[in-house]
Amino acid sequence: MALSYAQLKELVPVVLKAGNVPNIVGEAGVGKSALVADIAQQMQAKLVTTVVSLSEKGDLALPIPPLNQQDMVDTKHYGRLADVKFGYNHTLIDIITAAEKEPERPIIWFLDEFNRGNQAVQAELMNLVLQRQINDIVLPDNVYLVLAENPDDTMSGFEEDQYAVQAADSAIKDRTTRLVMKVAVTDWLAWAATGEPVHIDPLIRRFIAGNANMLYPEQRSGDLDPTPRAWQRVSDNYRQLKHLPAKEQDALLYDLVAGDLGQAAASLLVAFLNENTVVMTAEDIFDSQPAGNKVPKKVAQQFRSLSEIQKMTVMKSLIKTADITKDSNAARYSQLLQMLAPDSQYAVVQQLVNDPVLDDLYQSDQHHANVLYQQIMDIATH
């Protein structure tokens with residue numbers, strides 16, 4: 001049975017406190033690393049991560065030949081022996097020194113992508129997992145080990161998977177607690193709305209909330225596919241993209257998104273963002289100087305530079321965020337409406353027809369409000 005993010009967040013600390021080693025198994029990008037980081041924060045633990053797939057044999061401990069005469073041992077019958085010492089990687093040194101400095105604070109040593117390391121590396125880590133020991137160094141009691149693996153075709157439920165992994169040694173299987181992780185949209189959305197700043201941009205959260213199957217689609221192309229981790233990158237990139245001018249955003253958005261999600265998912269997301277991203281606000285349009293009934297030249301130029309979808313998004317947003325029955329606002333709204341293509345005008349008017357603001361325009365005694373009402377009626381009937 002697969003477990004959700006929220007369930008694992010409760011269960012992994014249980015396994016750790018029982019003195020056992022949890023082995024979190026899940027597809028690439030489902031959020032294993034984020035989960036362990038969240039658990040470390042929950043436990044107020046120091047988190048140390050070793051990516052096993054990037055490790056080489058000897059990375060944690062390298063033999064050092066004798067450095068002086070005291071390191072040589074003379075025997076009566078077996079000749080002279082070298083008492084070989086070991087030089088330890090800073091990861092291990094940092095863990096040991098941190099454990100001594102704060103013996104009451106938990107330390108989580110996260111061995112990520114464990115079964116993507118080569119056999120020599122896995123063999124070197126076996127004693128660490130099984131005996132909590134590397135050569136003559138024994139891990140302090142406040143150090144907890146957590147493994148993460150991609151599934152291999154020997155695991156129940158993953159017979160069709162084709163990850164480039166080394167099947168786990170039977171000793172690892174027998175000495176660790178396998179916890180299979182699944183993607184749960186509700187958990188991801190709850191996590192996405194937390195943090196400072198929030199983990200995931202609000203518009204992207206809205207997209208996933210309305211297209212839950214897009215978080216981790218069952219059908220995989222084998223190239224670029226959406227994963228929770230990919231959506232995190234998309235959100236971070238999108239936040240930075242919004243610092244560019246609107247025209248550049250429009251030109252670059254699709255390629256930026258497709259580079260993480262693939263073309264099919266990118267097309268859906270970009271269409272959604274274009275329809276829901278407001279690039280000009282009511283304040284930009286109605287409060288800009290010089291005041292009056294006419295849209296300032298600079299504002300008109302900015303509006304014309306938007307894509308047609310962005311123009312419609314702005315016009316629809318103004319209905320909800322401003323009083324377009326105010327005479328000067330009605331005059332400016334009317335001018336912007338004329339700048340839309342006929343199909344776009346009709347799409348905006350369809351929203352107005354079903355909005356109470358239409359009755360307010362009809363009943364208004366303001367000149368430009370009446371003109372706007374008649375303009376809307378003309379568009380609706382053509």
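Assorted remarks:
- Just one residue in the set 327, 355, 343 is under 39 Å from the mean Cα position of the chain (by Cα), at pLDDT 90 or above and within 24 Å of residue 278 (Cα to Cα); that residue is 343.
- For residue 37, the conditions (1) in the same structural domain as residue 97 (by TED's automatic domain parsing); (2) modelled with pLDDT under 85; (3) over 21 Å from residue 121 (Cβ atoms); (4) aliphatic (A, V, I, L, M) all hold with the exception of (2).
- Selection from the stretch 89-148 of residues that are in contact with a Phe, Trp or Tyr (Cβ under 9 Å, 6 or more places away or on another chain), surrounded by fewer than 20 Cβ atoms within 10 Å (Cβ to Cβ) and hydroxyl-bearing (Ser, Thr, Tyr): 91
- If the condition is being within 24 Å of residue 42 (Cβ to Cβ) and part of a helix (DSSP H, G or I), then the stretch 101-127 contributes 101, 114.
- When residues in the stretch 156-176 are screened for being buried (at least 19 other Cβ atoms within 10 Å of the Cβ) and modelled with pLDDT under 80, 3 of them pass.
- For residue 250: the one exception among (1) acidic (Asp, Glu); (2) at pLDDT below 90; (3) within 30 Å of residue 366 (Cα to Cα): (3)
Yes or no, residue by residue, for (1) within 30 Å of residue 299 (Cα to Cα); (2) under 17 Å from the mean Cα position of the chain (by Cα):
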{"residue": "231", "(1), (2)": "no, yes"}
{"residue": "238", "(1), (2)": "yes, yes"}
{"residue": "247", "(1), (2)": "yes, no"}
{"residue": "257", "(1), (2)": "yes, yes"}
{"residue": "265", "(1), (2)": "no, yes"}
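- A residue that is closer than 30 Å to residue 268 by Cβ and either in contact (Cβ under 8 Å) with a residue 40 or more places away in the chain or surrounded by 15 or more Cβ atoms within 10 Å (Cβ to Cβ) (or both) occurs somewhere in the stretch 371-380.
- Checked against the criteria, residue 35 counts as in a helix (DSSP H, G or I) and either buried (at least 21 other Cβ atoms within 10 Å of the Cβ) or of a type in the set (Ser, Thr, Tyr) (or both).
- Between 15, 51, the distinction of being buried (at least 17 other Cβ atoms within 10 Å of the Cβ), β-branched (Val, Ile, Thr) and at pLDDT 85 or above belongs to 15 only.
- Conditions (1) over 19 Å from residue 310 (Cβ atoms); (2) in contact with a Pro (Cβ under 8 Å, 6 or more places away or on another chain): number failed by residue 209: (2)
- Subset tally (residues that are part of a helix (DSSP H, G or I) and without any contact (Cβ under 8 Å) to a residue 40 or more places away in the chain) for the stretch 314-332: 7
- Selection within the stretch 267-284: residues that are farther than 28 Å from residue 214 by Cα and modelled with pLDDT of 85 or more. The member of this set that is surrounded by the fewest Cβ atoms within 10 Å (Cβ to Cβ) is 283.
- Annotation note: Cβ proximity below 9 Å between a residue of the stretch 2-21 that is of a type in the set (Lys, Arg) and a residue that is exposed (fewer than 15 other Cβ atoms within 10 Å of the Cβ) (sequence gap 6+ or interchain) occurs for 9/42.
- Summed over the stretch 285-298, the residues that are part of a helix (DSSP H, G or I) and either modelled with pLDDT under 90 or surrounded by fewer than 15 Cβ atoms within 10 Å (Cβ to Cβ) (or both) give a count of 2.
The values are calculated or read from the model by the stated rules, or taken from the named source; none is laboratory data. Computed from a predicted model, the values in this text were never measured in an experiment. Counting neighbours? That spans all protein chains shown, and the Cβs are built from the backbone with ideal geometry, glycine included.
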